[in-house]
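Scroll down for the structure; my scribbles are underneath it.
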Amino acid sequence: MSKVYLTGAGPGDVELLTIKALKSIQKADVIIYDRLANPEILKEAKKDTELIFVGKEKGNHRIPQNEINELIFQCALKYETVVRLKGGDPFVFGRGGEEALYLKERGIKFEIIPGVTSAISVPAYAGIPVTNRGVTPSFRVVTGHRKSSDNIANINWKSFIEDETIVFLMGLHNIALIVSKLLEVGKGEDYPCAIISNGTTKKQKVVTGTLKDIVEKSKDAVSPAIIVVGEVVKLREELKWFD
């Protein structure tokens, strides 16, 4: 009986891969992997493991999601151990839920192997704690990328509380819209922001600013990137350690 492991690859640093994820990769007969999964991880696979790239990036979806779902299913019919390797965590905007449901409906056994999500690890590598006593009591993770800009605009922006840290994933190309919406609901122009590109890797680059100037400063940022908005960004000057 075949089994599919929906596996989180972590945020980029290979050493943040979990032991359980590593074991699944080492025994895989086929690995279906994303663009955000560090390719160095694939060196842990067996020599005869089939490697299938299904990466996506803005404006270039190599394989649509519905075809990826079917590909995983077909591989499960052919191989005993299938690893679907996804950057970060499979259930944090990774469409792991969609893939698991697709397999469930077709009677395929699966297991979820959580990964270290970039939502907390990337800010940590930039010296930004998403929560800090006396600064912010909570944080929120929001997708910055949806099927259309209208869907971004329709997020319930008014629900964001004043002292909450907001982490936007995949939002660099929508940063102007994100900033305008935050200003619209009452965030001040001096509210701290950071953009972290290629987080947890040797290519990591951090740009800090405020809602007033972060759009202009974002021109120096590249994808993949996350956006952090909140007072905790001010702690970076004291806590940055990876730079």
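Laboratory data are not the source of any read-out in this text; all were calculated from the coordinates shown. For clarity, every value in this text was computed on a predicted model and none was experimentally measured. So basically every Cβ, Gly included, is an ideal-geometry build from the backbone, and we count neighbours across all protein chains shown.
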Residues listed by number, the stretch 124-140, amide nitrogen under 17 Å from Glu237 label point at 7 Å toward C-beta: 127-129
Three-way shape call for the stretch 94-183 based on the alpha-carbon gyration tensor, with the a/c threshold at 1.5: oblate
Stokes-Einstein diffusion coefficient of the stretch 118-239, Kirkwood radius over Cα pairs, 10 °C, 1.306 mPa s, in µm²/s: 112
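Applying a 10 Å radius around every beta-carbon, put 86-95, 127-136 in order of their mean neighbour count, most first.
Answer by packing, highest mean first, reads 86-95, 127-136.
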Cα-based equivalent ellipsoid, the chain: semi-axes from gyration tensor eigenvalues, Å: 34, 19, 15
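Taking R0 as 35 Å, what's the FRET efficiency between Glu216 and Glu98 from their Cβ-Cβ distance, rounded to 0.05?
Taking R0 as 35 Å, the efficiency between Glu216 and Glu98 is 0.45.
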Relative contact order (%) - the chain, alpha-carbon pairs under 8 angstrom, separation at least six: 21
Shape call, the stretch 33-82: gyration tensor on alpha carbons, a/c limit 1.5: oblate
Share, in percent, of DSSP beta bridges within the chain that are antiparallel, nearest 5: 45
Between the stretch 1-47 and the stretch 104-178, the Cα center-to-center distance that results, in Å: 23
Long-range HN-HN contacts of Val142 with modeled amide H, under 5 Å: Val167, Phe168, Leu169
Long-range Cα-Cα pairs in the stretch 142-203 (distance over 19 Å), rounded percent: 32
Cα gyration tensor shape for the stretch 3-113, rounded if a/c is under 1.5, else prolate or oblate: rounded
In nm, spacing of pseudo-spin labels at Asp190 and Glu40 (7 Å Cα→C-beta vector): 4.1
Mean Cβ count within 10 Å, highest first, over the residues of peptides 67-80, 224-237: 224-237, 67-80
Distance in nm between pseudo-label sites at Lys47 and Leu22 (7 Å out along the Cβ direction from Cα): 2.2
